[in-house]
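**Q** Please find one structure pasted underneath; my questions will follow.
The values are calculated or read from the model by the stated rules, or taken from the named source; none is laboratory data. Quantities reported herein were computed from a predicted structural model and do not represent experimental measurements. Here the Cβ positions follow ideal geometry from the backbone for every residue, glycine too, while neighbour counts run over all protein chains shown.
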Amino acid sequence: MSKQTLDKPQSPEQLSEILLVLDKEKKKIQAVKGIDKNGKLETVDANKKNQNQFMRVDKNGDLFSNFFSNFLSQLKNPTRFSFFKVPEPVAIDMVNEMQKQMDRPTPEGEQLMKQHEVKTESQQDYKQENQNSMETRQTTSETSEYRYKPEQIDWETMNNLGLNKEKLEKMNLLDPLLRGFKTNELVPVSLNLGTAVTRMDARLSLQQNDEGAVVVAIHGIRKEPNLNFAFFGHQFTKEDKDNLLQTGNMGRVVNLTNPKTNEIIPSIVSVDKLTNELVALRTDFIKIPDEIKGIKLNQEQKQILLEGKPLYIEGMVSKKGAAFDATIQFNADKRFVEFTFDRSNTNKQMQSSQQSQSQEAPKIFRDKELDKEQYQKFKDGQTVYVSGLVDKKGKEYNGYITFNKETNKTDFSFQNPNKVKEQAKPTEAYKTQTAVNSEGKTNEATKNIKEPLNSGQKNPDSKEQQEQQEVAKASAKSKGRKM
């Protein structure tokens, strides 16, 4: 349990190094700001005034390699430039030293340049890479950008949490963990504290501690977001609190302070809707798409989203081809633009859609998919026999399911509920027995029998009972005669 973190607040991503560039034609060292849409490198002078514009890069070797390869593939004339990666706290001083080397070369200065230079491939290699299809580049990026490796995980700690590699893979949770994200769903974990065992649902993530070791972070469920205390130096205003509680997004960029380095980091803040944990994301990491649901965003709209503000968009088209309007906003936890539908215009439409969806019978029951014939009967409200179900202990079992249209839930029974009901109906013989023995009612065929009837008995079934019935009949006739 030494290598796990419990309920630590999530800070904005910490990128500890700055990307510098030497323009070989101008012989000038500057800080990289980015690349414009035409593939032209954007730079700024490396001074305190511009430090919020510096491009920050991850110190992780594998992640940086993938980023830098992607970066150069978008840049025109990459061989015109040489790039350097330097620690953020000394970036400005390092630029001054490197510029001195360009103006007055020395062996010491040359060694400094080589020490921090980012090794690039030849121009031909990048030219060839730029000729590759977009699909190929995307596939490479998607499959190779992992922050962690499986062997870096402390699997002993995972076992102590009731998890292992096979289980995480089966739940499709290992991939997002290795990419540096939280699991996209709650995971049941067990915490063995020695004198007590606690079981809880939580989201998990992998993080590096101060020693560089990979640890498991447990993001437990909170009753509500903690908005009454400062969050990395930011004190929430009433408007901040209202926005976070109503939409899950604060709706503006604020400066947060890294408690270790005192770095000021422009960030947006959102609420993890699964755990109520506050999550921050530095604005460097906000990526706004060019198009959302068929609507191309202009620069003004993109800027609104980059600032964490909500944006109302009209005329978007759903997957089913239906037009709709909605408010969109960038979510720091999800790391993408999410939809917040306008209640005044779409609330009734959403409720109708949700009601329609909720009334549709599910095709899968306890991980078992129904075939066409089963599903048709199930959807029509008939009872369907399902085999091959597996319980939590891995044992198979079978049973009957019926879709309850009133509750929109699936009823399960180990016995056919229709047959059980049918078998439970009392027979005529049983009704007679109950009426005579328990309710004091009479039955013409057995009303003169003194002892209780047997199960299913409707007539006298012994010689003694027949004699009792005959004597009673004769006595009734004699009483009926007039003297």
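**Q** Being in contact with a helix residue (DSSP H, G or I) (Cβ under 9 Å, 6 or more places away or on another chain), surrounded by fewer than 16 Cβ atoms within 10 Å (Cβ to Cβ), aliphatic (A, V, I, L, M) and in the same structural domain as Asn172 (by TED's automatic domain parsing) is the requirement here; does Ala213 meet it?
**A** yes
**Q** Taking the options Arg199, Arg137, name whichever one is at pLDDT below 80 and of a type in the set (Lys, Arg).
**A** Of Arg199, Arg137, the one residue that is at pLDDT below 80 and of a type in the set (Lys, Arg) is Arg137.
**Q** Cβ-Cβ under 7 Å, sequence separation 6+ or interchain: first residue in the range 371-386 and in a strand (DSSP E or B), partner among the basic types (Lys, Arg). Which pairs?
**A** That search, which allows pairs on different chains as well, returns Val384/Lys377; Val386/Lys368.
**Q** Collect the residues in the range 169-196 that are free of Cβ contacts under 8 Å to residues at least 60 places away in the same chain and in contact with a strand residue (DSSP E or B) (Cβ under 6 Å, 6 or more places away or on another chain), keeping them in residue-number order.
**A** Matches in the range 169-196: Leu177, Thr183, Val187, Pro188, Val189, Ser190.
**Q** Could you grab me the full set of residues in the range 24-58 that are basic (Lys, Arg) and either at pLDDT below 85 or closer than 18 Å to Asn96 by Cα (or both)?
**A** Lys24, Lys26, Lys27, Lys28, Lys33, Lys37, Lys48, Lys49, Arg56
**Q** Glu166 versus (1) in contact with a Leu (Cβ under 6 Å, 6 or more places away or on another chain); (2) farther than 21 Å from Leu281 by Cα: which is the lone unmet condition?
**A** Only one criterion in (1) in contact with a Leu (Cβ under 6 Å, 6 or more places away or on another chain); (2) farther than 21 Å from Leu281 by Cα is unmet by Glu166, namely (1).
**Q** Still on this structure, I have one more. Give the residues of the range 253-281 that are part of a strand (DSSP E or B) and farther than 18 Å from Gln329 by Cα, sorted by residue number.
**A** The answer is Asn255, Leu256, Thr257, Ile264, Ile265.
**Q** Okay, moving on. Identify the residue in the range 379-401 that is out of contact with any Gly (no Cβ under 9 Å at 6 or more places or on another chain) and aliphatic (A, V, I, L, M) and, among all such residues, is modelled with the lowest pLDDT.
**A** Val390
**Q** Across the range 228-252, what is the number of residues that are surrounded by 18 or more Cβ atoms within 10 Å (Cβ to Cβ), hydrophobic (A, V, I, L, M, F, W, C) and either assigned by TED's automatic domain parsing to the domain that holds Glu338 or part of a loop (DSSP other than H, G, I, E, B) (or both)?
**A** Summing the residues that are surrounded by 18 or more Cβ atoms within 10 Å (Cβ to Cβ), hydrophobic (A, V, I, L, M, F, W, C) and either assigned by TED's automatic domain parsing to the domain that holds Glu338 or part of a loop (DSSP other than H, G, I, E, B) (or both) in the range 228-252 gives 3.
**Q** Looking for something part of a helix (DSSP H, G or I), more than 22 Å from Gly220 (Cβ to Cβ) and either hydrophobic (A, V, I, L, M, F, W, C) or modelled with pLDDT of 85 or more (or both) - is there at least one such residue anywhere in the range 153-164?
**A** No: zero hits.
**Q** Let me ask something else about it. Restricting attention to the range 258-297, report how many residues are surrounded by fewer than 17 Cβ atoms within 10 Å (Cβ to Cβ) and touching a Gly at 6+ places or on another chain (Cβ under 7 Å).
**A** Within the range 258-297, residues that are surrounded by fewer than 17 Cβ atoms within 10 Å (Cβ to Cβ) and touching a Gly at 6+ places or on another chain (Cβ under 7 Å) number 2.
**Q** Just for strands (runs of 3 or more DSSP E) wholly inside the range 14-56: which have at least 1 residues that are in contact (Cβ under 8 Å) with a residue 60 or more places away in the chain?
**A** 17-23, 28-35
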